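First comes the structure, then the notes that go with it.
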Amino acid sequence: MSKWLNKRTQAVTESLNKSAKRTQYDADFEELQQQCETTKQVVHKMLKETPNFLHPNPAARARTSMGSTYAKLRKTAAEKRYPHAIGVMAELLTKGAADMPPGSSLGSALREVGESFQTMTEAQHNFDAEVVQNFMEPLKDLVENDFKELGKQKRKLEDRRLAYDFKLRKRESGKSSITDADIKLAEEKFEDSKNNAENAMMKIVNNDVEQVGQLMSLVQAMITLARNQLETLEATQAGLEEILEQASTKPKRTQRPVSMMQYEDDEDDEAALAARGISADEPSAVALFDFEAENEGELTFKEGDTIRLLSRLDENWLEGEVDGQQGMFPVNYVEIIRDV
């Protein structure tokens, strides 16, 4: 308890009195500390941002993480995989191809691109796994082992420095029974901890070649993915060109001639407009349902009424005239013959 109190007293003294005497580290030691701290910050940021880089959608990323955790707890066969956008497109295209009639050129093209996107999705999942294994896991190991050990050694070093400086300060004040032997022992413990901390830092600094190798593995994985995608897309392009060539040689379906019934319907529409005093060139609409005005400024009409359109108020309301009355009404109550 007394040792802890002595170190605590020294720490408070240094905090309150910035000019209080304390043991200083040499320049090489300070440089090592700075380099290790910078490395630690960079590694932590890479570990934080790499999942965002691999899986940009935060909601999907959270669901995938929860699904994988649940699978591990229940010991089910497969963990949930992140739904990459290209995988979603692959499912959409493949389903569209299945819904198309046999022999459809569009169906063949959808199937060609859908299967291509499925291949690219698997390549993306393989890329994810490779980055986790060869990039993230080694960085986690660095944090959980080397940096953890360094933190332990630095805390021990600071404790022993405080104990050493406390004894020096008390000895210099002349009001303590601390002997030269006590000072010597505290100094030896401090130097021993300093050496241990320095060795831990040197290990991290000297092993930076490993971090370079991990970055190299990330870049190599990206190159492999890009090459795989390029090869897949080039093969798909060739397949689409073949489908396009086959489609261009297929006999075209002949269009049926327009029936006289359609012309008769058009004539009936023009006659109905003329009966309302509306020319075929004027904006008009036909009421699909009865509409009863409930507010001032609204227009009442019956199903089948032909309405002269005066203006469009917004995407949901029109202004029109029927039987000499003007007002506004909902767009979804009419079929527009000629828009304003």
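A simple spin-label model places the labels of residue 219 and residue 247 4.2 nm from each other, with each point 7 Å out along Cα-to-Cβ. The gain in end-to-end length when the residue 106 to residue 202 segment is fully stretched comes to 28.2 nm, 0.36 nm per residue minus the alpha carbon separation. When each of the peptides 124-136, 101-113 is scored by how many other beta carbons lie within 10 Å of its residues on average, the order from highest to lowest is 124-136, 101-113. Since only 313, 42, 107 are under comparison, the one whose Cα sits farthest along the positive direction of the charge dipole of the chain, derived from C-beta charges on Lys, Arg, Asp and Glu, is 42. Helices in the chain, meaning DSSP H runs of at least 4 residues, each add -39500 (n - 2.57). Divided by all residues, the mean residue ellipticity at 222 nm is -22500 deg cm²/dmol.
For the listed peptides 138-146, 193-201, 25-33, a ranking on the average number of other beta carbons within 10 Å per residue, highest first, reads 193-201, 138-146, 25-33. Where the centre of each part is set by its Cα atoms, how far does region 98-117 sit from region 173-198, in angstrom? Taking the Cα centre of each part, region 98-117 and region 173-198 sit 80 Å apart. Per-residue Cβ neighbour counts within 10 Å put 284, 311 in the sequence 311, 284, beginning with the fewest. Rg over Rh for the chain works out to 1.34, both radii taken from alpha-carbon positions and Rh defined as the Kirkwood radius.
With contacts taken as Cα pairs under 8 Å and at least 6 residues apart, the chain reaches a relative contact order of 13 percent. At q = 0.09, 0.19, 0.20 Å⁻¹, what base-10 log of I(q)/I(0) does the Debye formula yield for region 105-251 when every alpha carbon is treated as an equal point scatterer in vacuo? Each listed q corresponds, in turn, to -0.57, -1.06, -1.10.
Taking the chain as a Gaussian network of alpha-carbon nodes connected by springs under 10 Å, the highest mean-square fluctuation of the residues 180, 281, 208 belongs to 281. Among the helices of the chain (complete DSSP H runs), which have Cα atoms covering no less than 15 Å along the helix axis and a Kyte-Doolittle mean of at least 0.5? Qualifying helices: 85-99. Positive-end ranking of 196, 145, 157 along the dipole of region 111-209, with charges on Cβ about the Cα centre, is headed by 157. Sorted fewest first by neighbouring Cβ atoms within 10 angstrom, 183, 223, 204 come out as 223, 183, 204.
Cβ crowding within 10 Å, taken as a proxy for footprinting-reagent exposure, orders 306, 249, 179 from fewest neighbours to most as 249, 179, 306.
Values quoted throughout were computed directly from the atomic coordinates according to the rules given, and no laboratory measurement underlies them. These numbers were taken from a predicted model, which means no experiment stands behind them. Glycine gets a Cβ as well: all are built from the backbone with ideal geometry, and neighbour counts include every protein chain shown.
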